[in-house]
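Chemist: To start, I am sharing the structure in question, which I have written as structure tokens.
The values are calculated or read from the model by the stated rules, or taken from the named source; none is laboratory data. These numbers come from a predicted model, not from an experiment. With ideal geometry, Cβ positions are generated from the backbone for all residues, glycine too; neighbour counts draw on all protein chains shown.
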Amino acid sequence: MSLQGAYDDTNIFARIIRGEIPSVPIFEDDDVLAFMDAFPQSRGHCLMISKTSRARNILDVEPEVLAVLSAAVQRLARAVRKALVPDGIVVTQFNGAPAGQTVFHLHIHVIPRWEGQTLGRHAGGMADIAELKSTADMIRAALD
Ligand code: AMP
């Protein structure tokens, strides 16, 4: 999918927002949802999405939505730092399939990194759900 095009309501994150498929949530409010990446590149890899916007990527998104999303990402990254004590945290997002995007509902990755640990493959192996839930509990407990 290119950078042009219409939002597809059947994308997997739209379905998660509607509760049609399960996720491992960390927190949500009227505007945003944070949940665990099911195919994590590191322990604690999580995602932040807007629940209100139909933006596919950062080019589409309304600036006011981006502002809310960015503040929520900072809060999430701080909780990840407190809960998991990584050596670094990648905050990133992809725009368009050639850039690495696979789900076309704007989302921000928060990926903790530890010295000497190789990053897993992007959208690679599926995580153990019980493990995701316990990591989500730890991150949630660390939210300010
Ligand atoms: P991107 O490639 O930036 O579009 O990222 C999409 C991310 O969504 C990848 O890191 C996938 O591992 C993740 N992902 C795909 N399906 C699900 C799902 N059902 N629940 C949670 N994360 C998912």
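Chemist: Considering every residue within the range 54-70, establish whether at least one is of a type in the set (D, E, K, R) and touching a Lys or Arg at 6+ places or on another chain (Cβ under 9 Å).
Modeler: yes
Chemist: Right, here's the next one. Could you look through the range 1-38, keep only residues that are over 13 Å from LEU106 (Cβ atoms), among the polar types (S, T, N, Q) and modelled with pLDDT of 95 or more, and pick out the one that is farthest from the ligand (Cβ to nearest atom)?
Modeler: Per the criteria, the residue is THR10.
Matching residues to (1) charged (D, E, K, R); (2) surrounded by 13 or more Cβ atoms within 10 Å (Cβ to Cβ); (3) without any contact (Cβ under 8 Å) to a residue 24 or more places away in the chain:
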position: MET48; (1), (2), (3): no, yes, no
position: LEU59; (1), (2), (3): no, no, no
position: ALA72; (1), (2), (3): no, yes, no
position: ARG113; (1), (2), (3): yes, yes, no
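Chemist: Something else now. Specify which of the listed residues (VAL61, VAL65) is more than 15 Å from the ligand (Cβ to nearest atom), at pLDDT 95 or above, of a type outside the set (D, E, K, R) and under 23 Å from GLN4 (Cα atoms).
Modeler: Only one candidate qualifies: VAL65.
Chemist: Mind checking which residues of the range 112-124 are within 9 Å of the ligand (Cβ to nearest atom) and within 14 Å of the chain's Cα centre (by Cα)?
Modeler: Listed by number, the residues that qualify are HIS122, ALA123.
Chemist: Another question, then. With respect to ALA127, determine if the residue is surrounded by 15 or more Cβ atoms within 10 Å (Cβ to Cβ) and either within 10 Å of the ligand (Cβ to nearest atom) or not aromatic (Phe, Trp, Tyr) (or both).
Modeler: Considered against the rule, which asks whether it is surrounded by 15 or more Cβ atoms within 10 Å (Cβ to Cβ) and either within 10 Å of the ligand (Cβ to nearest atom) or not aromatic (Phe, Trp, Tyr) (or both), ALA127 comes out as yes.
Chemist: Can you tell me which condition VAL73 does not meet? The list is (1) among the hydrophobic types (A, V, I, L, M, F, W, C); (2) in contact with a strand residue (DSSP E or B) (Cβ under 6 Å, 6 or more places away or on another chain); (3) closer than 16 Å to PHE39 by Cα, and all the others hold.
Modeler: (3)
Chemist: Kindly evaluate ARG56 against the criterion of being within 15 Å of the ligand (Cβ to nearest atom), modelled with pLDDT under 95 and basic (Lys, Arg).
Modeler: Answer is no for this residue.
Chemist: What about ALA79, is it modelled with pLDDT of 95 or more, under 22 Å from VAL32 (Cβ atoms) and loosely packed, with under 14 Cβ neighbours inside 10 Å?
Modeler: No, not satisfied.
Chemist: Hey, another quick one. Which strands (runs of 3 or more DSSP E) sit wholly inside the range 1-105 and have at least 1 residues that are over 19 Å from SER134 (Cβ atoms) and in contact with a helix residue (DSSP H, G or I) (Cβ under 6 Å, 6 or more places away or on another chain)?
Modeler: 32-36, 46-50, 88-92
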